[in-house]
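Rule-based calculations on the coordinates, nothing more; no lab input. Quick caveat: nothing in here was measured; it's all calculated off a predicted structure. Here Cβ is always computed from backbone atoms with ideal geometry, including for glycine, and neighbour counts include all displayed protein chains.
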Amino acid sequence: MTTRRTIGIVMNGVTGRMGYRQHLLRSILAIREQGGLPLEDGTLLWPEPILVGRSEARLRALAERHGLERWTTSLDDALADPITEVYFDAQVTPAREKALRTAIAAGKHIYTEKPTAESLEGALDLARSAREAGVRNGVVQDKLFLPGLLKLKRLVDSGFFGRILSVRGEFGYWVFEGDWQSAQRPSWNYRAEDGGGMILDMFPHWRYVLDEIVAPVRSVYAHSSTHIPERRDEQGAAYPATADDAAYGIFELEGGVVAQINSSWAVRVDRDELVEFQVDGTEGSAVAGLRNCRYQHRVGTPKPVWNPDLAATEDFRSQWHQVPDNEVFDNGFKVQWELFLRHVVTGSDYHWDLLEGAKGVQLAELGMRSAREGRRLDVPALEL
């Protein structure tokens, strides 16, 4: 007979776009819709979300929409619920560190969005506190579980590239200013005082992508810009954009690999996907996006000759091949949730912890400093 074990998860910030769509709807509720999370001993783990937020009306509406019974505007009450074992945070960055400390002090296991704190000192202190409290902890590193990047890692692990030389990344799209079309991202993203900013938002992602798929980051040079100086908020009121909406980074990786990644909310897309990484090596190259990954081996590499007086005669795109799926890819956020919940209950291997999250904060902090000072900075190893 199958045993069902309930695990209470306090979910703070799920009335926001990312917290709701990816974490509640497509992860926790999706696990419930499939009947629970099967463990190796045959137990079905049943996640029971406890919704937390500032707006009673929004929480009530969300709970009613999905048939959920537990919600509150009090974090303390949620943490005191007898079924609570895990605390999850998807709030705005300035509110995260204090809430995580409260949950750690309450003895709850921690799973959180990034950046984990506004400073490296705060991020490292959170990691130490969790270790001292003996609570399991994890940080969302969703892009590692995207189909396109899983295919790219498959190529790296197979030795396809030979010696990797460089990485070029392009990320972003046009976020409307909010005047003649409403913005598709929340206004706080463009206010530094509310935790907004492209470097703080995206460099933590680029840290784990580069570290885990290509090679560890050893130095950073960054330039940031606020291309759109004024935007309109959700009520249509104009406000000054005080945070950077674009960042241009050059990262030196272990082994001499050079990575260049452009990130912008003020760019129009001329790519197959909203993010793409091109990796070039001595034996071959690949371009990976969210879902797809195409490759070109050295034996299939064309030999173009520069001649600006003649139109190009080769269809370069047709000379690349698609890496096949060869497996069924689930939602990346859901996959990492399942790994973390198994880790909490069974102690299974899991290394994307608060120390890994601190590495992302470190790169963001160094990136912002590099942009201010206009110089390349080393990225030292982190230890608790």
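Miscellaneous remarks
- Each principal axis of segment 180-279 carries a Cα extent, and these read 49, 31, 19 Å when sorted largest first.
- Added length on full extension, which subtracts the Cα-Cα distance from 0.36 nm per residue, GLN34 to ASP81: 14.4 nm
- Within the chain, antiparallel bridges make up roughly 55 percent of the DSSP beta bridges whose residues both belong there.
- Site pair LYS303 and LEU382 shows an inter-label distance of 4.8 nm when each label is modelled 7 Å from Cα along Cα→Cβ.
- Rg and Dmax of the chain, Cα atoms only, in Å: 22.0, 76
- Stokes-Einstein D for segment 17-80, Kirkwood Rh over Cα pairs, 37 °C, 0.692 mPa s (µm²/s): 257
- Three-way shape call for segment 115-219 based on the alpha-carbon gyration tensor, with the a/c threshold at 1.5: oblate
- The chain: angle of helix 93-105 to the longest principal axis, Cα-based, in degrees nearest 10: 50
- What the Cα atoms of segment 16-142 give is an Rg and a Dmax of 14.8, 42 Å.
- The chain: relative contact order in percent, alpha carbon pairs under 8 Å with at least 6 residues between: 20
- Computed over segment 272-384, the quotient of the alpha carbon radius of gyration and 2.2 N^0.38 Å is 1.58.
- The distance between label points at ALA95 and ARG5 comes to 3.2 nm (points 7 Å beyond Cα on the Cα→Cβ vector).
- With Cα atoms, 0 to 90° folded angle of helix 147-158 axis to the chain main axis: 60
- One decimal place: the segment ARG54-TYR239 gains 64.3 nm when fully extended, by the rule 0.36 nm per residue minus the C-alpha distance.
- Helix axis angle, 332-346 relative to the chain longest principal axis, alpha carbon, degrees: 50
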